[in-house]
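Working notes, beginning with the structure itself.
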Amino acid sequence: MSLNFKNFIKLVERRNPNEPEFLQAVTEVVEDLIPYIVENRPDLVDLNILGRIVEPERMITFRVAWMDDNNEVQVNRGYRVQMNSAIGPYKGGLRFAPDVNLSILKFLAFEQVFKNSLTGLPIGGGKGGSDFDPKGKSDTEIMRFCQSFMTELHRHIGPGTDVPAGDIGVGGREVGYLFGQYKRLQNSFSGVMTGKGTQWGGSFIRPEATGYGLLYFVQCILDFNNESIENKTVTISGAGNVAYYAAEKAIQLGAKVLTLSNSQGTIYDKEGLTFEKLQHITSLGRNLSRYPKKYPSGSYHAKETPWQFKCDIALPCATQNEISEADAKRLVKNGCKIVAEGANMPSTAEAIRVYEQAKIHFGPGKAANAGGVAVSGLEMSQNAIGQQWPHEKVDHRLKLIMEEIHKTCVRYGKEPNGYINYLKGANIGGFLKVAEAMKAQGVV
Ligand code: NDP
Ligand code: 2IT
């Protein structure tokens, strides 16, 4: 069997028409994998592992009908993409946002396979969600939607089959309603979801894990280059779960955090954010424009992203394709030395080329934001043995996992001139474990 990049991508494009995000994610991975396996692993070429890994094992789409507060019947579409279960049950978040479609969920599920493998834990890859828009909905509308969503999803998931969690638009509240409905339908209290409340089966540090893990990964990059994070300037996009805890940990480690943002605009505080300022931002909800009223060192930039501001480290933590080629050029021109992704695929393919040409350090999402799902994996372990580990233990394990991921990236991503291509390292390192498992389990 022969394997050639152009023909492979053509085939993926033909089989998945009109799915630009999925194609982008696949291209980003197989660009690194094809040369590697053709040279080093002809056995994997013969078994058509790549052809199999880009095909979801199962995809479920379903109707979600629910009643809004005006007693009108609303209809949304629900999805679960069960991508790969070679190394463990499908694992990955649920996203509720109006732009959710199959292309976005397939790209997220595909990335999740490599990310979950990198954590070293026994978890396969999946992702799901709905085009439901939680913004502006009442608490009871959110609950009714979650209950209706889970009424269908419950028959496809389970603690040994598929374990969902949160993502954009799905946080602790939604996980609670989803879990409650699953428990009621199955008459069983189980570890079917992660991100649960710490009173009822959740792990300590899970809410913080993605943002904290991101900063631990940045620390690894800096250590590797004999540098420290202290007094480095950091720009962060987003103001949700990942962005908030990334900012908190960056401040704790002595960095100067200059921005947070949402889909409406960006806060820039030239004196840097503090814990108190972060709390105030939380109290503003989505109304970030009110920030300068309380903190005059801050300014608000409507409809703008953080990437125009000078920084040492940029941490995109909002959504896919939020850094364009022009943004990347501006970051490099302004002296940015590290881009590490809290979000999934926030850099366009063109932006990544700019980073690589400028030889700045680029931590791709599947490595840099793996802390969230890693602690989800630890939550599954705790549920399986009926225990709850203390904060310190979970945080310590999170740090060790991020350090191991960094080592894997260095091992497979080091180029002859010494530059660490973290993307290549993460792609190859994440792939090999899944590929070996698929090989061992026969042609399925
Ligand atoms: P949240 O829903 O908590 O927050 C999302 C934030 O991003 C909000 O501030 C939101 O602004 C902003 N945002 C969302 N969509 C857009 C958009 N189209 N343009 C600009 N801003 C946008 O989500 P999370 O923090 O959980 O997720 C953020 C990213 O991190 C996602 O890419 C997710 O896949 C990834 N991730 C999350 C993990 C987790 O554990 N939660 C784990 C690993 C990765 P607004 O309110 O205005 O929409
Ligand atoms: O993108 C991600 O890794 C997540 N949204 C977290 C998934 C999880 O199962 O914790």
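Here are the numbers for this structure:
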item	result
Mean Cβ count within 10 Å, highest first, over the residues of peptides 146-154, 83-91	83-91, 146-154
Rg/Rg_globular for the range 81-185, with Rg_globular taken as 2.2 N^0.38 Å and Rg from C-alpha atoms	1.04
Helix-only [θ]222 nm of the chain, DSSP H runs n ≥ 4, -39500 (n - 2.57) each, per residue, nearest 500	-15000 deg cm²/dmol
Gain in span if fully extended, ASN18 to GLN308, counting 0.36 nm per residue against the direct Cα distance	101.2 nm
Fraction of antiparallel bridges per DSSP, the range 199-346 only, in percent to nearest 5	55
Nonlocal Lys pairs with alpha-carbon distance under 26 Å, the range 108-230 (8 or more apart, or different chains)	10
Volume per residue of the C-alpha convex hull in the range 330-444, rounded to whole Å³	150
Principal semi-axes in Å for the range 209-329 [√(5λ), Cα gyration tensor, largest first]	22, 16, 13
Label point distance in nm, LEU185-LYS10, each placed 7 Å from Cα along Cα→Cβ	4.4
Partner aspartates and glutamates for LYS106 [C-alpha distance under 16 Å; skip if fewer than 8 residues away on the same chain]	GLU13, GLU19, GLU21, GLU28, GLU55, GLU57, ASP131, ASP162, ASP167
Overall dimensions of the chain as given by Cα atoms, namely Rg and Dmax in Å	21.0, 65
The range 328-364: trypsin sites (Lys or Arg not before Pro) in DSSP coil with no more than 16 other Cβ atoms inside 10 Å	LYS359
Whole-angstrom gap from the range 260-310 to the range 91-129, using each part's C-alpha centre	30
Distant alpha-carbon pairs in the range 342-395 (separation over 15 angstrom), percent	61
Using a Förster distance of 41 Å, the FRET efficiency for ARG52-GLN279 (Cβ separation, nearest 0.05)	0.30
FRET E, pair ARG63, SER289, Förster distance 30 Å, beta-carbon r, rounded to 0.05	0.20
Local electrostatic count, LYS127, Cβ distance below 12 Å [Lys/Arg +1, Asp/Glu -1]	+1
Protection-proxy order for peptides 282-288, 107-113, 406-412, each taking the mean of Cβ atoms within 10 Å per residue, highest first	107-113, 406-412, 282-288
For the range 249-291, fraction of C-alpha pairs farther apart than 17 Å, in %	27
Antiparallel content of DSSP bridges confined to the range 67-155, in %, to 5	70
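Each value in this text was obtained by applying a stated rule to the coordinates, not by laboratory testing. Just so we're clear, the structure is a prediction, and the values are computed from it rather than from any experiment. Neighbour counts run over all protein chains shown; Cβ positions are idealised from the backbone, glycine included.
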